[in-house]
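Here's the structure we're looking at; comments come further down.
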Ligand code: GLU
Ligand code: MG
């Protein structure tokens, strides 16, 4: 199904027959159950499963779930908004058959992302996947643009047998070091094999900076596919880690100190088959539209942080000089600015040029993060916003007056500050709609409340194994 075609309750013509045939095929391959996955407002992937024989029923009438999960916190406490958080009501989860894959790291299981509808067949206003599709359809309709996206996945790999849920790195090798690759050679081979079997186009896998940290990136895809893929990659990393007696944490900060786990978004805007970040007359080959898109992102970045860095633990990661990009600034290949302009290798700019949005972690719901980032950029594109001067080197070195003159702001340093910015941002809130926007606020406030009184080490520990 092309990404912009909304699913319909009961399936598109032919879907039921397809589900029957697929279930048969899956059973013949030894698959017993299908994981139906979605990501809640707090960024936790939650699931229901059905046996293969029920796949057609899931396509025909959906699988039931309570709307209460939209206001779950990472610790499973429940907060409320005007419309969400009550024990009443039911939603239907519809699997996307086009994205169904057999899970190579979990023999016996297949996986599919879902869209959520009301029992009456209307899209659920709290469904992040539906929100992202709506943003994309609107972008195409109003601005004639489409997008390519990717979500980088960083994780800290620990030993599963570590005492008292502590983080004990699975390898002692240095950052980016060959020792890590060698010590975990079997693990990484199995991970690549599983992802290949699931047809996930891995671009790179490397040992990262922090103790036990790895990173995996995938080829660019349409944003819904990119978000789905980021969920699937994490499911696979987790499963393969477990098979090796290891435990993966995608938490923004696995400990209170040092470099955290990012989930940078890569994004490019396209019109009429052309990449607007290359071949243009503006800086570094950007078109005027691409520059304005960056300007829109920068203007909304403080509020966006409430969506892209949604956990109290996110603010242990979002610190200067850690390559997490905590300033409203951009630079070509600058790893300390909020937006890194990636121009691509000479001769390949047309395919490769893109933006990297850095203040994003994997506590973020990827559908909401991409949908809000695109909304922010389009606000700039639609108003032909002027892009500030480039910042090179570490913006943390700018003296305060210079930072003000160059419109370089430090991003929120706490979740409550991010929520304050988000409350003021009508553009993001309107795009999300009141149900999702209120859920974002309520869940973030709930998370902040749940860590009241904890020191940094306590906050890191509270979320260490949640994401
Ligand atoms: N781990 C860094 C972060 O938290 C990112 C490192 C990199 O640039 O890949 O964002
Ligand atoms: Mg990295």
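The values are calculated or read from the model by the stated rules, or taken from the named source; none is laboratory data. All of these numbers come straight from a predicted model, not from anything done at the bench. Cβ placement follows ideal geometry from the backbone for every residue including glycine, while neighbour counts extend to all protein chains displayed.
So here's what we get for this one:
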item: Residue in the range 47-56 that is assigned to a loop (DSSP other than H, G, I, E, B) and either farther than 30 Å from residue 144 by Cβ or in contact with a strand residue (DSSP E or B) (Cβ under 6 Å, 6 or more places away or on another chain) (or both) present; result: no
item: Qualifying residue in the range 356-366 (condition: in a loop (DSSP other than H, G, I, E, B), crowded, with 24+ Cβ neighbours inside 10 Å, on the phi < 0 side of the Ramachandran plot and more than 16 Å from ligand 1 (Cβ to nearest atom)); result: yes
item: When residues of the range 321-337 are limited to those that are crowded, with 22+ Cβ neighbours inside 10 Å and near ligand 1 (Cβ under 10 Å from one of its atoms), the one nearest to residue 409 (Cα to Cα); result: 326
item: Only listed residue being at negative phi and within 15 Å of ligand 2 (Cβ to nearest atom), chosen from 269, 233; result: 233
item: Listing of strands (runs of 3 or more DSSP E) fully contained in the range 204-271 that carry 3 or more residues being within 16 Å of ligand 1 (Cβ to nearest atom) and either surrounded by 24 or more Cβ atoms within 10 Å (Cβ to Cβ) or touching a residue at least 40 places away in the same chain (Cβ under 8 Å) (or both); result: 213-218, 265-271
item: Within the range 57-73, tally of residues that are part of a helix (DSSP H, G or I), in contact with a strand residue (DSSP E or B) (Cβ under 8 Å, 6 or more places away or on another chain) and either in contact (Cβ under 8 Å) with a residue 24 or more places away in the chain or crowded, with 20+ Cβ neighbours inside 10 Å (or both); result: 6
item: Test for residue 408: is it in contact with a helix residue (DSSP H, G or I) (Cβ under 7 Å, 6 or more places away or on another chain) and not in a helix (DSSP H, G or I); result: yes
item: Selection from the range 322-343 of residues that are in a loop (DSSP other than H, G, I, E, B) and within 16 Å of ligand 2 (Cβ to nearest atom); result: 322, 323, 324, 325, 326, 333, 334, 335, 336, 337, 338
item: Search result, residues across the range 341-355 that are more than 15 Å from residue 295 (Cα to Cα) and within 16 Å of ligand 1 (Cβ to nearest atom); result: 342
item: Total residues in the range 236-260, condition in contact with a helix residue (DSSP H, G or I) (Cβ under 7 Å, 6 or more places away or on another chain) and within 16 Å of ligand 2 (Cβ to nearest atom); result: 8
item: Looking only at the range 150-175, and only at residues there that are farther than 23 Å from residue 458 by Cβ and without any contact (Cβ under 8 Å) to a residue 40 or more places away in the chain, the one that is surrounded by the most Cβ atoms within 10 Å (Cβ to Cβ); result: 173
item: Evaluation of residue 140 against (1) out of contact with any helix residue (DSSP H, G or I) (no Cβ under 8 Å at 6 or more places or on another chain); (2) part of a helix (DSSP H, G or I); (3) more than 24 Å from residue 357 (Cα to Cα) (one fails), failing number; result: (3)
item: Residue check, residue 296 in contact with a helix residue (DSSP H, G or I) (Cβ under 9 Å, 6 or more places away or on another chain), within 16 Å of ligand 2 (Cβ to nearest atom), closer than 21 Å to residue 148 by Cα and in contact (Cβ under 8 Å) with a residue 12 or more places away in the chain; result: no
item: Test for residue 334: is it in contact with a helix residue (DSSP H, G or I) (Cβ under 9 Å, 6 or more places away or on another chain), modelled with pLDDT under 95 and within 18 Å of residue 152 (Cα to Cα); result: yes
